[in-house]
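Below is one structure, written out as structure tokens, with a few remarks after it.
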Amino acid sequence: MATILISGIGGQDGSYLTEQSLAAGHRVVGLLRTGRASRAPENVECVEWDFVSKEGLRAVLRDVRPAHFYNLAAFSTGAGMYDDAVAIGELNGVAVARMLQAIVDVDPEIRFCQASSSEMFGDPIVVPQTEATPFRPLSPYAAAKLFAHTVVNSFRTHRCVFACSAILYNHESPRRGPAFVTRKIVDAVARVRAGDTGKLLLGDLDAQRDWGYAPDYVRAMRLMLAHDRPCDYVVATGELHSVREFCELAFSHAGLDWREWVEGGAADVRQDRRGPRVGDATKLRNTLGWRPETDFGTLVRIMVDAAIASTDARMTT
């Protein structure tokens, strides 16, 4: 039984990683920011760190003695990638350097996985993007993620740390935060089905994303740390789907016509969305044998069914 340390354990990816790790027989410990104990999942051991103190994390590593350390913690609110650039840089960037330095100081055998982001590609000059595509970050969020990504590479190359970065494209599930467009859509479907007559206001309905299913992407990160060599991998489906298509599938799954309930051009417009961001996960497929198991249509249906079940449950209590 290995000990798995997870920062961001209370989020979408952290919850799925916890479940998969426990199912594999591992001990799971959540690393929470000091004062965020309310976000701890039930029945999981957790420790606190302020994400600033290097000695504080060294103490955590000495006490917990993890074999694997996944950093899934990040400052993001979906569209809020420009909010509080200083805090974004501190949590999404500099804190990762502290994590890696603590590993070197305490136990260089700890394997580390960083949740990087396709946002680092910004306005990509290559379509689809691979691990070799130049990064062109357009937001403080993306810039901080790129700093962390670069630090991971540096510690792997110069300090011989088993450190990997998973360059994650959009990945969704019923546990996605309510500020993200996918959750807004499926929650609107559930409300309309329950009798709400208000319209869903969205931005560019023709905007396209490479959307995958979060448990599949978590499985990819676990494969990365189980491999015999550390490396960075694009984790993506390789398919583009529009917000319009997501709306159409989501509403039709509930027997509704999305055109009656969705108004585009009204909100959530991202000015930095330029070239198409779609990932090429060939390296991950050929090296680790990973493929997404849940296709786009199934993902939409899973999220709609969960939103409806949650709404129905609230109405009956």
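The values are calculated or read from the model by the stated rules, or taken from the named source; none is laboratory data. In this text the structure is predicted, and so the values were computed from the model without any measurement. Cβ sites come from the backbone with ideal geometry, for glycine too, and all protein chains shown count toward neighbours. Side chains included, ligands, DNA and RNA excluded: accessible areas come from the protein's heavy atoms. Shrake-Rupley method; radii C 1.70, N 1.55, O 1.52, S 1.80 Å.
Okay, here's what the table says:
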{"read-out": "Shape call, the range 1-141: gyration tensor on alpha carbons, a/c limit 1.5", "value": "prolate"}
{"read-out": "Kirkwood-Stokes translational diffusion coefficient of the range 187-271, alpha-carbon pairs, 37 °C, 0.692 mPa s, µm²/s", "value": "215 µm²/s"}
{"read-out": "Between helix 296-315 and the chain: long-axis angle, C-alpha atoms, 0 to 90°, nearest 10", "value": "80 degrees"}
{"read-out": "Cα gyration tensor shape for the range 116-156, rounded if a/c is under 1.5, else prolate or oblate", "value": "oblate"}
{"read-out": "Gained length - T197 relative to V104, 0.36 nm times residue gap less alpha-carbon distance", "value": "27.8 nm"}
{"read-out": "q = 0.11, 0.12, 0.15 Å⁻¹, the chain: log10 I(q)/I(0) [Debye, one scatterer per Cα]", "value": "-0.69, -0.82, -1.26"}
{"read-out": "Whichever lysines have a C-alpha closer than 16 Å to that of K283, once near sequence neighbours (fewer than 8 apart) are set aside", "value": "none"}
{"read-out": "Longest exposed-site-free window of the chain, the sites being GluC sites (Glu not before Pro) in a DSSP loop that have at most 15 other C-beta atoms within 10 Å", "value": "110-292"}
{"read-out": "Accessible heavy-atom area order of T317, T130, highest first, probe of 1.4 Å", "value": "T317, T130"}
{"read-out": "Stokes-Einstein D in µm²/s, Kirkwood radius over Cα pairs - the range 174-317 at 37 °C with 0.692 mPa s viscosity", "value": "198 µm²/s"}
{"read-out": "Helix 214-226 vs. the chain, principal-axis angle (Cα, 0 to 90°, nearest 10)", "value": "20 degrees"}
{"read-out": "Distribution of pairwise C-alpha distances over the range 180-228, 5 Å bins, in %", "value": "5, 15, 18, 15, 13, 12, 9, 7, 5, 2, 1"}
{"read-out": "Highest-first arrangement of 219-226, 283-290, where packing means the average Cβ count within 10 Å", "value": "219-226, 283-290"}
{"read-out": "Acute angle (nearest 10 degrees) that the helix 181-193 long axis makes with the longest principal axis of the chain, alpha-carbon atoms", "value": "40 degrees"}
{"read-out": "Rg over Rh [alpha-carbon atoms, Kirkwood Rh] for the range 72-171", "value": "0.98"}
{"read-out": "Gain in span if fully extended, V126 to E42, counting 0.36 nm per residue against the direct Cα distance", "value": "25.9 nm"}
{"read-out": "Amide H partners (placed H, <5 Å) of R111, local residues excluded", "value": "H68, F69"}
{"read-out": "Heavy-atom surface of the chain, accessible at 1.4 Å and reported per residue (Å²)", "value": "44 Å²"}
{"read-out": "Protein accessible area in the chain, 1.4 Å probe - carbon and sulfur %", "value": "49 percent"}
